[in-house]
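Please read the structure below before turning to the comments.
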Amino acid sequence: MIDLHSHTDHSDGSCSPVDLVRLASSAGLRALAITDHDTLSGYDEALRSDLPRSLELIQGIEITCKWNQDNVHLLGYFLSADAGAAFREWLVESHGHRRERNIRLVKRLNELGVDIVLSEVEALGRTMTGRPHFARVLIAKGYARNMADAFSKYLGEHAAGFVERQGPGMAEAIERIRAAGGISSLAHPVRIDFENEAEEKAFLGDMKDAGLEAIEAFHTDHSPADTERFLGFARHFGFAVTGGSDFHGTNKSETRLGVPAVSMEWLARLRALA
Ligand code: AMP
Ligand code: FE
Ligand code: FE
Ligand code: ZN
């Protein structure tokens with residue numbers, strides 16, 4: 001069994017890279033991809049540690065892209081050894097957009113009467129400070145009961161505190177991953193808000209034309225029927241298939257490493273493309 005979608009504490013997971021690799025190994029996984037949001041530093045750190053021999057560590061990333069008004073997540077795998085200076089500079093640029101959003105978010109929350117400063121949020125999230133870290137501060141200070149409450153009251157897309165973050169379009173991110181020698185895969189497609197299946201298929205066709213190579217058919221958020229539908233789309237459009245838990249440790253307690261089960265075979269097919 002393998003897991004091609006996981007997060008460390010370099011983005012919004014709760015485990016350090018080393019602990020995550022250990023956990024994956026003791027869960028009996030044969031391969032684990034670290035796919036932190038907009039950074040390779042968790043993978044880089046895991047790579048420098050003593051890796052268990054039974055586990056193959058796969059380089060990955062998850063990029064937040066813009067599509068219409070929506071945020072759509074794009075996974076990248078097997079980027080060339082160091083992913084290249086251009087790709088890493090592009091990531092650093094995105095950290096600037098994140099920080100700029102966070103500054104505006106603090107201002108907005110202050111306007112709403114919340115006592116919060118950027119430094120206390122950044123103490124939790126460092127370079128990858130995001131809304132989950134804001135949520136933890138809001139909970140600790142009694143402004144929200146839990147994560148869901150923090151997002152529905154303050155941080156979610158329909159909440160009073162919401163501020164937009166700049167991000168790349170899908171086509172740009174697909175091209176950046178390709179230029180870095182990687183394979184792109186559409187993350188948890190069930191989360192994209194389509195009016196109907198015709199719109200979903202048109203989108204997948206457009207992504208195919210833009211160079212998308214795979215879709216994530218297996219994911220914690222997918223029902224068995226969703227998985228079947230996405231496997232069908234993969235056959236129809238000629239996409240490779242990826243899958244994983246989207247493990248975030250205690251930051252998203254409904255995720256478990258290696259669940260749903262993903263077979264080694266999909267990894268072999270993906271690697272054949274790289
Ligand atoms: P950011 O990249 O800072 O905008 O934060 C995005 C992260 O916030 C996502 O990766 C999720 O982990 C989390 N998130 C987004 N919406 C919600 C929500 N409604 N409830 C809980 N967590 C959420
Ligand atoms: Fe996340
Ligand atoms: Fe995601
Ligand atoms: Zn993820």
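Do we have any residue at all in the range 2-11 that's within 12 Å of ligand 4 (Cβ to nearest atom), modelled with pLDDT under 95 and hydroxyl-bearing (Ser, Thr, Tyr)? Looking through the range 2-11, at least one residue is within 12 Å of ligand 4 (Cβ to nearest atom), modelled with pLDDT under 95 and hydroxyl-bearing (Ser, Thr, Tyr).
Restricting to the range 177-215, name every residue that is outside any loop (DSSP other than H, G, I, E, B), acidic (Asp, Glu) and within 16 Å of ligand 1 (Cβ to nearest atom). Explain how you work it out, then say what you get.
Start the filter on the range 177-215 by keeping residues that are outside any loop (DSSP other than H, G, I, E, B), which leaves 177-179, 183-186, 189-191, 197-210, 214-215.
Narrowing the set further to residues that are acidic (Asp, Glu) leaves 197, 199-200, 206, 209.
Matches in the range 177-215: none.
Residues that are within 16 Å of ligand 1 (Cβ to nearest atom), farther than 18 Å from residue 92 by Cβ and not in a loop (DSSP other than H, G, I, E, B) within the range 21-44 comprise just one, 34.
For residue 175, the conditions (1) closer than 24 Å to residue 248 by Cα; (2) surrounded by fewer than 16 Cβ atoms within 10 Å (Cβ to Cβ) all hold with the exception of (1).
Can you say whether residue 101 is more than 11 Å from ligand 1 (Cβ to nearest atom), more than 15 Å from the chain's Cα centre (by Cα) and not in a strand (DSSP E or B), as far as the supplied structure shows? It is false that residue 101 is more than 11 Å from ligand 1 (Cβ to nearest atom), more than 15 Å from the chain's Cα centre (by Cα) and not in a strand (DSSP E or B). If you check 242, 255, 250, 227 for being in contact with a Ser or Thr (Cβ under 8 Å, 6 or more places away or on another chain), surrounded by 13 or more Cβ atoms within 10 Å (Cβ to Cβ) and farther than 18 Å from residue 28 by Cα, only one passes: 242.
For the condition within 13 Å of ligand 2 (Cβ to nearest atom), under 19 Å from the mean Cα position of the chain (by Cα) and closer than 20 Å to residue 258 by Cβ, what is the one hit in 39, 35?
Numbers: 39 fails: closer than 20 Å to residue 258 by Cβ.
Going through 39, 35 in turn, the sole match is 35.
Can you name the residue in the range 24-45 that is away from ligand 4 (no atom under 16 Å from the Cβ) and on the phi < 0 side of the Ramachandran plot and is also surrounded by the most Cβ atoms within 10 Å (Cβ to Cβ) among such residues? So the residue we want is 29.
Per-residue answers, yes or no, for (1) under 20 Å from residue 5 (Cβ atoms); (2) aromatic (Phe, Trp, Tyr):
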{"residue": "180", "(1), (2)": "yes, no"}
{"residue": "196", "(1), (2)": "no, no"}
{"residue": "208", "(1), (2)": "no, no"}
{"residue": "233", "(1), (2)": "yes, yes"}
{"residue": "236", "(1), (2)": "no, no"}
{"residue": "257", "(1), (2)": "yes, no"}
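Can you tell me which residue is surrounded by the most Cβ atoms within 10 Å (Cβ to Cβ) among those in the range 60-72 that are among the aliphatic types (A, V, I, L, M) and within 22 Å of residue 127 (Cβ to Cβ)? Selected residue: 61.
In this structure, does residue 197 turn out to be of a type outside the set (Val, Ile, Thr), at pLDDT below 95 and within 26 Å of residue 92 (Cβ to Cβ)?
Numbers: of a type outside the set (Val, Ile, Thr): yes; at pLDDT below 95: yes; within 26 Å of residue 92 (Cβ to Cβ): no.
Criteria not met by residue 197.
Please indicate, with yes or no, whether at least one residue in the range 134-142 is over 22 Å from residue 7 (Cα atoms), more than 18 Å from the chain's Cα centre (by Cα) and not in a helix (DSSP H, G or I). Yes, the conditions are met somewhere in the range 134-142.
Counting only residues that are among the aromatic types (Phe, Trp, Tyr) and either modelled with pLDDT under 95 or within 16 Å of the chain's Cα centre (by Cα) (or both), the range 235-274 holds 1 of them.
In the set (1) crowded, with 16+ Cβ neighbours inside 10 Å; (2) not in a strand (DSSP E or B), residue 218 fails one condition alone, (2).
Restricting 75, 57 to those that are surrounded by fewer than 21 Cβ atoms within 10 Å (Cβ to Cβ) and either in a strand (DSSP E or B) or at pLDDT 95 or above (or both) reduces the list to 57. One residue stands out among those in the range 129-158 that are out of contact with any Asp or Glu (no Cβ under 9 Å at 6 or more places or on another chain) and among the hydroxyl-bearing types (Ser, Thr, Tyr): the one that is surrounded by the fewest Cβ atoms within 10 Å (Cβ to Cβ), which is 152.
Conditions (1) part of a helix (DSSP H, G or I); (2) in contact with a Leu (Cβ under 9 Å, 6 or more places away or on another chain); (3) surrounded by fewer than 16 Cβ atoms within 10 Å (Cβ to Cβ), marked per residue:
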| site | (1), (2), (3) |
| --- | --- |
| 52 | no, no, yes |
| 83 | no, yes, no |
| 90 | yes, no, no |
| 93 | yes, no, yes |
| 107 | yes, no, yes |
| 127 | yes, no, yes |
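Filtering 191, 229, 178 for residues that are charged (D, E, K, R) and in contact (Cβ under 8 Å) with a residue 40 or more places away in the chain leaves a single hit, 191.
The values are calculated or read from the model by the stated rules, or taken from the named source; none is laboratory data. None of the values given here were measured: they were computed from a predicted structure. Cβ atoms come from the backbone with ideal geometry, glycine included; neighbour counts cover every protein chain shown.
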